Each structure stands twice: as structure tokens, then as C-alpha cells.
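Here the structure is laid out as C-alpha cells; the discussion comes afterwards.
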Amino acid sequence: AKYAIEGFSESLRRELRPLGVHIIVVRPGNFKTDMPSKCRKDFLQNWSKSSDWRKEVMGGESFKDTFIKGFDDAAAMGQSPQMVVDDIIRAIEEQKPWHARYTGWDAKTLFRVMVILPYQVSDFVASLLMPDPPVSSKNDDSKKAE
């Protein structure tokens, strides 16, 4: 959905530029919202409903713990949403705003760099930041996926 909005905004920006209309895309980093806690809760509900076989195929408790840690880290590292509000206000007030704004320390550093790197390099950097999911110790192809 985010990529679609960016593509639409870029198209709109080019079409409306001759009319003096500026379209700005704000690319925020990680901000304090309820999303990590809601995702954590939904994940745990779905995990508890999953069969033992499915849990094992996904990587068992190690997989679950990795996801829970990700949700907890996202909640702990979230920045104030006021930064986004302030950045949008600055963009509106500028005479000639940039077409894209990166808001938050992570967006200004990591995301800005990632978009200019070749995809192989950005994939490698992303792999360093996000651990591979654990591999199941059981590989039973005779069982059907649910």
C-alpha cells in the first residue's frame, strides 16, 4: 500500500507541477503508535491457535520469540509522532519543498541510504538488521500444510 501511494504521489506531483501545486511524500521512520502492541497481541492469538506441526515448521519457540522481540523493540524505539506533525507543517510552509521528506532518525539515515544503493547491497544491509527466521528441526513433507 505504501509503494502504491508513493507511485501515485509521484505521478500526481509531475502532473500538477506546471500548475504550481507541490505534492510532498512524508516517509516517517518508526514512531510510537499502538501498532506494535496490537500486532504482538494478534500474533500471539494466532500462534496459540496454530497446530504443533505448524509451529514446528515455522521454527518453534525460537521463531515466536524473534517476532515478539521485534514487536517489543519497535515499541521501545518509537519516536514521538509530533516529529511527523512538525515536519508536515514545515513542508507546507516552505516555498519550494522537496518532493520527499524523511522524518525521524531512522528514516533520515537508513531509508535515505537504502534507496540509492543497488538492491543487492540494500538486501544485504536489511539482512543484517533482520535475522533470518529459524529453520525447523523437523522436515516432514508427508504432512499437509493446514
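Strictly over 25 Å apart at the Cα level, which of Lys32/Lys55; Lys38/Lys64; Lys32/Lys64; Lys41/Lys108 would you flag in this model? Violating the 25 Å limit, Cα to Cα: Lys32/Lys55; Lys41/Lys108. Across segment 12-138, Cα pairs under 8 Å and at least six residues apart give a relative contact order of 42 percent. What you get for the chain, charging only the Cβ of Lys and Arg (+1) and of Asp and Glu (-1), is a dipole of about 300 debye around the Cα centre. May I ask for the angle, rounded to the nearest 10°, between helix 82-93 and the longest principal axis of the chain, with both axes built from Cα atoms and the value confined to 0 to 90°? Relative to the chain, helix 82-93 is tipped by roughly 30 degrees.
Extension gain, Glu93 to Trp53: 0.36 nm times the residue separation minus the Cα-Cα distance gives 8.8 nm.
In this structure, Ile116 and Lys32 have a Cβ-Cβ separation that, at R0 = 30 Å, corresponds to a calculated FRET efficiency of about 0.60.
In order along segment 111-122, the Karplus-derived 3J(HN,Hα) couplings, from 6.51 cos²θ - 1.76 cosθ + 1.60 at θ = phi - 60°, round to 5, 4, 6, 4, 6, 9, 7, x, 4, 5, 6, 5 Hz, and Gly and Pro are given as x. Taking the centroid of alpha carbons for each part, segment 1-36 and segment 83-100 are 12 Å apart.
Close amide H pairs (under 5 Å, H built 1.01 Å from N) link Asn30 with Asp106, Ala107, residues at least 5 positions away or on another chain.
With the helix formula -39500 (n - 2.57) applied to DSSP H stretches of n ≥ 4, the chain reaches a computed 222 nm mean residue ellipticity of -17000 deg cm²/dmol. Amide hydrogen proximity for Tyr102: with H placed 1.01 Å from N in the peptide plane, the residues at 5 or more positions away or on another chain lying under 5 Å are Arg27.
Comparing Ala91, Val21, Thr66 along the charge dipole axis of the chain, the residue lying farthest to the positive side is Val21, per the Cβ-charge model. Accessible area per residue for segment 1-130, computed on protein heavy atoms with a 1.4 Å probe, is 73 Å². Every Cα-Cα pair in the chain was counted, and those over 27 Å apart are 43% of them. Relative to the longest principal axis of the Cα atoms of the chain, the long axis of helix 2-16 makes an angle of roughly 20 degrees. When Ile116, Ile24, Ile5, Ile68 are compared by accessible area of protein heavy atoms, the largest-first order is Ile116, Ile5, Ile24, Ile68, using a 1.4 Å probe.
The values are calculated or read from the model by the stated rules, or taken from the named source; none is laboratory data. Just so it is clear, the model here is predicted, and its values are computed rather than measured. Don't worry about glycine lacking a Cβ; one is built from the backbone with ideal geometry, like all the others, and counts go over all protein chains shown. Side chains included, ligands, DNA and RNA excluded: accessible areas come from the protein's heavy atoms. Shrake-Rupley method; radii C 1.70, N 1.55, O 1.52, S 1.80 Å.
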